[in-house]
Amino acid sequence: MKIIVTGGAGFLGSHLCDKLIEKGNRVICLDNLLTGNMDNIAHLQNSPNFEFAQVDTSEGLPQDLDFDQIYHLASPASPNQNNPRSYIALPFDTMQVNTFGTWSLCEEALVRGAKFLFASTSEIYGNPLEHPQKESYNGNVSPTGPRSVYDEAKRFGETITAAFVRYNNLDARIARIFNTYGPRMAQDGRVVIEFITAALANKPFPVFGDGKQTRSFCYVSDLVDGLIAVMEKGAKGEVYNLGNPQEFTILELAETVKKLVNSTSEITSVERLPTDDPARRCPDIQKAKEMLNWEPKVNLEEGLKKLLVYLQTIPKS
Ligand code: NAD
Ligand code: UDP
């Protein structure tokens, strides 16, 4: 199979490229390196089954590409307002790639008779009033708040994908990804990498608000298996939550990281909770379990240990 991965030089995209190649596919990785990094795919450059092109997928695809599937992962993904790689710092790029980009990739997939997967997010549930979140929940999202450039762009990306299925019979599906962590995460301000970095340096944990907000953290290998299951086994037009349903407060995450790193860092609130930061988030993954036979295998401590080993062994540039 010839498979396009947009955002393939990013954190999730690079692991997806690895797994697709391992399964015997040919991968075309398209990335404009806005938040991604060539280091993430350096090990693939000599593979005969890997091709990279520096392309802005908001503007569609390079001409004359032949392919059977598109995984559309390209998009900034961090909400951290203090970080230049966040979608808050890159609002127009974020809106463009998830809307214009999704639209033109759906058109290209349709012309080629290819399958399409849109990488959506738990953020489409906003600050959820239903808990845990099922795919049938429509969310509680501010259309104008600071996170709206991402949340609403992803929501419209889902609308575009659903419309291509409904009106043009495109063979597409949507994965709603919940917080994922692991090797190759960028220093883009997301909580797991911020806490581990602080713990390793014995600096205070940068907790926002009272730390009682919750998240559910999925290890990257589980998530990649989930994406492939959505593409291969998911039904046309369906939406699937992908994430680990174990829920932790941010303070519990800090305590776990502190213990694993054996750090002397203080766990302390450094600033108030950012506007529209969801109070609780946890996926209901019953649908993926039943329809895809998928569920995460790696628990938080195991996953954090793997990430720590990676961080302690990568060469410092
Ligand atoms: P990432 O920033 O590491 O990867 C995104 C990649 O997309 C980067 O390599 C970036 O350079 C590329 N990109 C951005 N705009 C582009 C454009 N216009 N053209 C081509 N490439 C472009 O982030 P990630 O965590 O790997 O996220 C990947 C996808 O998964 C995103 O769509 C994100 O919204 C979604 N997602 C991730 C998480 C998570 O926890 N990691 C959670 C929910 C959703
Ligand atoms: N957070 C924090 N300190 C940080 C980064 C994040 O306390 O340095 C909190 C953030 O306010 C949120 C949670 O951790 O409640 C998860 O944040 P992240 O940026 O990883 O992603 P989100 O789930 O909000 O999209």
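Each value in this text was obtained by applying a stated rule to the coordinates, not by laboratory testing. Because the structure is predicted, anything quoted here is derived from the model rather than measured. Virtual Cβ from ideal backbone geometry, glycine too; neighbours counted across all protein chains shown.
Structure data summary
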quantity: Neighbours by Cβ (under 8 Å, 6+ apart or cross-chain): first from the stretch 253-281, in a strand (DSSP E or B); second among the β-branched types (Val, Ile, Thr) and buried (at least 19 other Cβ atoms within 10 Å of the Cβ); calculated: ILE267/VAL207; THR268/VAL207; SER269/VAL207; VAL270/VAL207
quantity: Qualifying residue in the stretch 244-260 (condition: within 16 Å of ligand 1 (Cβ to nearest atom), closer than 22 Å to GLU158 by Cβ and surrounded by fewer than 19 Cβ atoms within 10 Å (Cβ to Cβ)); calculated: yes
quantity: Condition check for LYS233: over 21 Å from GLN69 (Cα atoms) and among the basic types (Lys, Arg); calculated: no
quantity: Qualifying strands (runs of 3 or more DSSP E) (wholly inside the stretch 135-247; at least 2 residues being under 13 Å from the mean Cα position of the chain (by Cα), within 14 Å of ligand 2 (Cβ to nearest atom) and touching a residue at least 40 places away in the same chain (Cβ under 8 Å)); calculated: 172-177
quantity: Residues (farther than 16 Å from ASP68 by Cα and either polar (S, T, N, Q) or within 15 Å of ligand 1 (Cβ to nearest atom) (or both)) located in the stretch 105-129; calculated: ALA119, SER120, THR121, SER122, GLU123, ILE124, TYR125, GLY126, ASN127, PRO128
quantity: Yes/no for ILE41 being more than 10 Å from ligand 1 (Cβ to nearest atom), of a type outside the set (Phe, Trp, Tyr), surrounded by 19 or more Cβ atoms within 10 Å (Cβ to Cβ) and farther than 24 Å from GLY145 by Cβ; calculated: no
quantity: Residues of the stretch 56-97 that turn out to be part of a loop (DSSP other than H, G, I, E, B), more than 15 Å from ligand 2 (Cβ to nearest atom) and aliphatic (A, V, I, L, M), as a count; calculated: 4
quantity: Condition met for GLU107 (more than 30 Å from VAL270 (Cβ to Cβ), out of contact with any Gly (no Cβ under 9 Å at 6 or more places or on another chain) and surrounded by fewer than 23 Cβ atoms within 10 Å (Cβ to Cβ)); calculated: no
quantity: Residue in the stretch 150-166 that is of a type outside the set (Ser, Thr, Tyr) and touching a Lys or Arg at 6+ places or on another chain (Cβ under 7 Å) present; calculated: yes
quantity: Qualifying residue in the stretch 14-28 (condition: under 19 Å from MET185 (Cα atoms), within 14 Å of ligand 1 (Cβ to nearest atom) and either part of a loop (DSSP other than H, G, I, E, B) or of a type in the set (Ser, Thr, Tyr) (or both)); calculated: yes
quantity: Pairs where the first residue, in the stretch 83-98, is at negative phi and the second is within 13 Å of ligand 2 (Cβ to nearest atom) and aromatic (Phe, Trp, Tyr), C-beta under 7 Å, 6+ apart; calculated: TYR87/TYR150; THR94/TYR87; THR94/TYR150
quantity: Scan of the stretch 1-40 for residues that are free of Cβ contacts under 8 Å to residues at least 12 places away in the same chain and within 18 Å of ALA77 (Cα to Cα), ordered by number; calculated: none
quantity: From the options LYS115, LYS154, residue that is in contact with a helix residue (DSSP H, G or I) (Cβ under 6 Å, 6 or more places away or on another chain) and closer than 18 Å to THR6 by Cα; calculated: LYS154
quantity: Evaluation of ALA114 against (1) more than 16 Å from ligand 2 (Cβ to nearest atom); (2) within 14 Å of the chain's Cα centre (by Cα) (one fails), failing number; calculated: (2)
quantity: Sole exception among (1) out of contact with any strand residue (DSSP E or B) (no Cβ under 9 Å at 6 or more places or on another chain); (2) buried (at least 22 other Cβ atoms within 10 Å of the Cβ); (3) of a type in the set (Phe, Trp, Tyr) for PHE116, by number; calculated: (1)
quantity: Residue that is touching a Ser or Thr at 6+ places or on another chain (Cβ under 8 Å) and not small (Gly, Ala, Ser), where the choices are THR159, THR121, THR102, THR144; calculated: THR102
